[in-house]
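Values in this text are rule-based calculations from the coordinates and carry no lab data. Everything quoted here is computed from the prediction, not taken from an experiment. Virtual Cβ from ideal backbone geometry, glycine too; neighbours counted across all protein chains shown.
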Amino acid sequence: MRALDRNRIVLLVTGFSVLVAAVTGLAWILNDPDAGAVDLATSTDAEDRHKAVERLRGRGSDAARRTLRLLSRDPDKWVAIRAVRALGQDRSRAGRETLAEIIRDGDLAAPTRGEAAATLGTLPDADSGILTEALVRDPKPEVRAGAAKGLLRMRNPKTLPQLVRALEDRDERVRIWAITAIHKMIARRFPYNAKLPPGRQRNEIRRIQAYLRRCGAL
């Protein structure tokens, strides 16, 4: 075979390989749920932003987490909350850290942060300290209630001291989730009524504290 023919064959094979690679790459991009999600996430149409959340749900990539974190700041309450719930399907350490960032971000809407706290409680290996800190210290009742709900889902007996303290919270929603979590963890019910102000239930709270001390939980 002449050298010219050999060179021509090499060029044809090389060109075909490049073409196959390009087509394969294009197909991957077109089928990648992340592709175009950023454009949808920055759309002025809330429906587009909802679509972005659905496209990124469960992806678990860095790009997906960054975009969902962006959407947690969305002015539409339900876009933000759905973005947080979508992050709850990311079982990675980075996913848990992203939810923790949202919980601690005081610039975000309180319902969004509360949803992040409740969602974190569903994740394996989540740090209960993030939720107990929010339950005890956060100034927003929606966040404290979300933290109590997250602790209910987590069911870690080591968090009982903070949950008992939350029985005296000034917000009814926090008290409801706190007593529900306590009942679930110890498999015993107390005649504590979360709808009543804590000042009217001092004796019931003391009985709960005394029982948990006898059990070694406090």
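With 25 Å as the limit, the listed pairs Lys51/Lys149; Lys51/Lys77; Lys77/Lys158; Lys51/Lys140; Lys51/Lys184 have Lys51/Lys149; Lys77/Lys158; Lys51/Lys140; Lys51/Lys184 beyond it between alpha carbons.
How high is the FRET efficiency between Ala94 and Lys158 when r is their beta carbon distance and R₀ equals 35 Å, given to the nearest 0.05? Result of the calculation: an efficiency of 0.90. If you plug the beta carbon distance of Asp62 and Arg202 into 1/(1 + (r/R0)^6) with R0 = 41 Å, you get a FRET efficiency near 0.25. For region 141-218, the set of trypsin sites (Lys or Arg not before Pro) satisfying both a DSSP loop assignment and a count of at most 13 other C-beta atoms within 10 Å is given as Arg155, Arg170, Arg188, Arg189, Lys195. Please state, as a whole number in µm²/s, the translational diffusion coefficient that the Stokes-Einstein equation yields for region 170-213 at 4 °C and 1.567 mPa s, with Rh defined as the Kirkwood radius across alpha carbon pairs. Answer, rounded: 121 µm²/s. Note on region 98-218: Rg/Rh from C-alpha atoms, Kirkwood Rh, equals 0.97. Normalising by residue count, region 33-177 has a Cα convex hull of 88 Å³ per residue.
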